[in-house]
Structures are given as C-alpha cells and as structure tokens.
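Read through the structure below, which is laid out as structure tokens, and then see the notes.
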Amino acid sequence: MSSSALHDRGNARVRTGRRAALVSAAVGTVAAGMVLALATAASAGTTLATAAAEKSRYFGTAVAANKLSDSTYVGILNREFDMVTPENEMKWDATEPSQGQFNYTNADRIVGHAQTNGMRVRGHALAWHSQQPGWAQNLSGSALRAAMVNHVTQVATHYRGKIHSWDVVNEAFADGGSGARRDSNLQRTGNDWIEVAFRTARTADPGAKLCYNDYNTDGQNAKSNAVYAMVSDFKARGVPIDCVGFQSHFNSASPVPADYQANLQRFANLGLDVQITELDIEGSGTAQANSFASVTKACLAVSRCTGISVWGIRDTDSWRASGTPLLFDGNGNKKAAYTATLDALNGGTTPPTSAPPTTAPPTTPPPGTGCTASLSLQTWTGGFVATVRVTAGSAGTNGWAATVTLPAGTAVTNAWNAQNSGSTGTVRFGNVAYNGQLTAGQSTEFGFQGTGTPPSDTPSCTAS
Ligand code: G2I
C-alpha cells in the first residue's frame, strides 16, 4: 500500500465520502443507495480494531513516541488499532530518570495521541527488574522498596483515569524449571514486593485493570505454573489483580505452544482477564500467518481474553526486526499474517471491501433518532467505568451521538471509541471515524471513565 493510501481515521472517513461523491456524480443520483451500501460494507470488520470490536475485544500495538511524526506509521496506527502500549516511554528509566524527578513528556505524547483518536492505553510497566534508572539499580533494601512504592504511586496517579490496564509487575519469575522468582534487586527487598506494588497501584488508580505480565508463560510449564500459583494466592488473599498478560514472543525455537488456549483458559478460570500483550512471531509467509491465526483464534475462544496487542506495527519497527515478526512489512504493506489475523477475528472470512452492485432503490436515513443506546457500569468508591452500546435503527447510521446526563460533581476523565464534548453535566459522545457507520441493527460499544457518582439514566442516541 502506498503511503498516500494511509490516512488517519478522520481522513479515512473523508476518503469514503469523497469516493462516494465521485461515484455519485458519475452514475447519477439513482445510484445513491448503491453508494450507501458500498460505504456501509466497507466499515464492518475490515480493520483489526473493528473486527476485534465486533468480538468485544481490543486490538492494540506497542507505539514508540519518536515514530508519531512518521505519517505511514501513524496512518496504520490510526486505521488499524484501538489500544496502544508505550514501548519504552512509561518504563522506570524513562519516567523517573533522577530520583523524585518525573518526566512524562514522551509517554504523554502517546497518551495524547491515543485520546485524540479514541484509543485506549495499556500502561507498561510500573515495577520491573529491567530498564531501571541507574539510581534505582544502585538502591537496595528498604530504600529501594520505598522508591518503588513512590514510583508506582506517582506514575499511576499521573495517568489516573487514562489507563485501561497497567502492567504493574513485569517478568518477575525465573526462566527454566525452577518455578522460582527471578533474582533481582526488587526481589531481594522481600517476597511481598509484588503484592505491595499491586496494592499501591490500586490505591493510585482504582479504575485501571492491574496485570501481571510475563514471557515464556504462554503454555503450561514450570514458569507459568509458578505465576498461576501466585495469582491463585493473590485471589485467595484479596490482593488486587485483574489480569495476566501473556507476552507471546514466538519464533522457531519458541513456537506457539499446543496448549496455548488451554493455558489462557486456566488463568481465566481463576476469575480474571487474560490479555495477549506483546505478540510477535518471527517468520514469513503461510507458516507465520497460520501462527498469528492460531493465537487470534485462541484468544477468541477464551471469553475472558479481552484483547490482543502486537509489539510494533511494521517489521522494521520491531525490537527484533531481522525476524520480520509483525503484521506489516517495512513499507507498511499488509502481510499474509495480517490477512490471517483479520480473517481469524472475523471468524474465518473477511467481509468484502466493496459490495456487489445493487439495483435497490435509494434509501435516505430518516433524520432524528435512528439509534438506541444502553449503559452498563463498573463502579468503585469515587469512580466508575461506563460502557455504552449503540445500536442502529432500521436505516443504519452514517454517524451517531449518544448523550449522557451526569450527576452534579461527576466528571468524565477519559473516553474510548468515542469523542466527548464537555466532561460534566450533559455530555455528548460522538462516533470516531471507524465506528460511525452501522448497518441496520448493528451495534458498537464505546466507553468512558469518570470520577464521582455514575450516571443512572439511559443515554439518548441520535443518528445521522
Ligand atoms: O524485549 C522485548 C520486550 C519484552 N517484554 C517487555 C518489553 O518491555 C520489552 O520491550 C523491549 C522494547 O521493545 C525495546 O525497544 O524492551 C527493550 C529493553 O528491555 C527495548 O530496547 C531498548 C534498548 O535496549 C535500548 O538500548 C534503546 O535505547 O530500546 C531503547 C529505545 O529504543
């Protein structure tokens, strides 16, 4: 695909309209209904994010702040993904380069980009033995423990209300068959460092899902058994944990395990979400495509597998670029692995990007209320996450807006898959470019997080 074909979501919408206008002018107004059909068919399940959303899942990618000025990169990001993970920008060395002095510049750029484009953010990572600033590497004992608690508190508070899931602790278990914790300066502060990090994160940002994230835990083995035992213990003792991240870095020496789905399922059965957090698979062609498809199908088969994130966009963006492990080649073209992933998300078939010509008479959507909205809530003391389901009426939608009335003192802090106008009182949430067009009866979901008392009224919905 040429870079000129890679527009941001806003432009993609303009492009559809422009194409519609050209076709309409060429064949006359009689074809208006056909144009509508073309535009509508092109909106369903044709990108990773929309196809995943139809299965109530997200599809994300790691993002590097210094690539946000690359138009090809941003074009793919905005078109295909609805979740971003800062690849390095939220790590300890990036956010607290000197003790007590926090720098959020690059991470804020990524979060800002996500918010502007209706994407959510996976925070990565609050406490990790690697990528520590030099000053932390030189600490130990109670001084390091206090520094870790302060770091978790400060960073999670800075991003409070803006993070879907935090990797609170990353890679704390040893490789091999020992089933032991990894030795590190953090581990040497005491075995309870992990639960202390989780409790601290919960206090700082009660709305974020809190995850433990690791690699080589993708199948059942000594390491994943050890994580499983820790998570079971946390659930039994009420240590706050909501999700386990499976990094899923695969290659020929470490292929997708045969029991990948079963392993995801056994963790889900503990009563938490599972997420595929850093997916990349070295290889090429059909073999690579099949591996991506099997990972995607495994997630879809586990109801609490809530989303998949790949670890970069183009092969050349990868931390191991020579293994060409991603879904887009260095020029931003879709690889076979992309198509296989999209097909898997769509349940085996990708909808056509254009509908066959039709002689149906033109239909004009009636103005006014062509959609309905329903609200579901997850609440805690002082805050909530609201999920709003928008369903198109018999005419479908070209765009929609849901209006939510908030109680006095309540404020929206963050929204995804929609753009809000205002944050208090009567708040309007309009569609973003990739989810405005719904066929008759089709639904889409957006969400927002707020502080204060949750709304209780059913949102109103208007379609255009
Ligand atoms: O190693 C792959 C991933 C394993 N799981 C945790 C992830 O956080 C980790 O990501 C990688 C990044 O993709 C790399 O980009 O973490 C590496 C460091 O552990 C990152 O590499 C670092 C280089 O080591 C630095 O020299 C470089 O300055 O990337 C930095 C920014 O490009």
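Tabulated results
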quantity: Total residues in the stretch 124-146, condition within 16 Å of the ligand (Cβ to nearest atom) and either out of contact with any helix residue (DSSP H, G or I) (no Cβ under 9 Å at 6 or more places or on another chain) or under 24 Å from residue 215 (Cα atoms) (or both); calculated: 12
quantity: Among (1) part of a loop (DSSP other than H, G, I, E, B); (2) more than 30 Å from residue 331 (Cβ to Cβ) - the single one residue 283 does not satisfy; calculated: (2)
quantity: Qualifying positions in the stretch 77-102 - within 15 Å of the ligand (Cβ to nearest atom) and either basic (Lys, Arg) or assigned to a loop (DSSP other than H, G, I, E, B) (or both); calculated: 87, 88, 89, 90, 91, 97
quantity: Residue satisfying all of: in the stretch 230-240; in a loop (DSSP other than H, G, I, E, B) and more than 22 Å from the chain's Cα centre (by Cα); farthest from the ligand (Cβ to nearest atom) among these; calculated: 238
quantity: The stretch 320-331: number of residues that are in contact with a strand residue (DSSP E or B) (Cβ under 8 Å, 6 or more places away or on another chain) and surrounded by fewer than 23 Cβ atoms within 10 Å (Cβ to Cβ); calculated: 5
quantity: Scan of the stretch 199-229 for residues that are away from the ligand (no atom under 15 Å from the Cβ), part of a helix (DSSP H, G or I) and under 21 Å from residue 307 (Cα atoms), ordered by number; calculated: 224, 228
quantity: Test: residue in the stretch 258-273 that is touching a Lys or Arg at 6+ places or on another chain (Cβ under 7 Å), within 14 Å of the ligand (Cβ to nearest atom), closer than 30 Å to residue 313 by Cα and not aromatic (Phe, Trp, Tyr); calculated: no
quantity: Only listed residue being of a type in the set (A, V, I, L, M), part of a strand (DSSP E or B) and either surrounded by fewer than 21 Cβ atoms within 10 Å (Cβ to Cβ) or over 13 Å from the mean Cα position of the chain (by Cα) (or both), chosen from 143, 136, 127; calculated: 127
quantity: Any chance residue 108 is free of Cβ contacts under 8 Å to residues at least 24 places away in the same chain and not hydrophobic (A, V, I, L, M, F, W, C); calculated: yes
quantity: Answer residue from the stretch 301-317, given it is part of a loop (DSSP other than H, G, I, E, B) and surrounded by fewer than 24 Cβ atoms within 10 Å (Cβ to Cβ) and is nearest to the ligand (Cβ to nearest atom) among those; calculated: 311
quantity: Residue pairs meeting the criteria (Cβ under 6 Å; at least 6 apart or on separate chains; first at negative phi and surrounded by 15 or more Cβ atoms within 10 Å (Cβ to Cβ), in the stretch 176-204; second basic (Lys, Arg) and assigned to a helix (DSSP H, G or I)); calculated: 189/145
quantity: Selection status of residue 169, away from the ligand (no atom under 15 Å from the Cβ) and among the β-branched types (Val, Ile, Thr); calculated: no
quantity: Counted residues, the stretch 172-198 - those being hydrophobic (A, V, I, L, M, F, W, C), within 16 Å of the ligand (Cβ to nearest atom) and more than 18 Å from residue 235 (Cβ to Cβ); calculated: 2
quantity: Strands (runs of 3 or more DSSP E) enclosed by the stretch 399-443 - at least 3 residues per element that are within 21 Å of the chain's Cα centre (by Cα); calculated: 411-416
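A quick yes/no check of all residues on (1) surrounded by fewer than 22 Cβ atoms within 10 Å (Cβ to Cβ); (2) without any contact (Cβ under 8 Å) to a residue 24 or more places away in the chain; (3) more than 20 Å from the chain's Cα centre (by Cα):
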| site | (1), (2), (3) |
| --- | --- |
| 52 | no, no, no |
| 56 | yes, no, no |
| 62 | no, no, no |
| 68 | yes, no, no |
| 80 | no, no, no |
| 97 | yes, no, yes |
| 104 | yes, no, yes |
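Only the coordinates and a few stated rules stand behind these numbers; no lab work does. Remember, it's a predicted structure, so these values are computed and weren't measured experimentally. Heads up, the Cβs are rebuilt from the backbone with ideal geometry, glycines too, and the neighbour counts pull from every protein chain shown.
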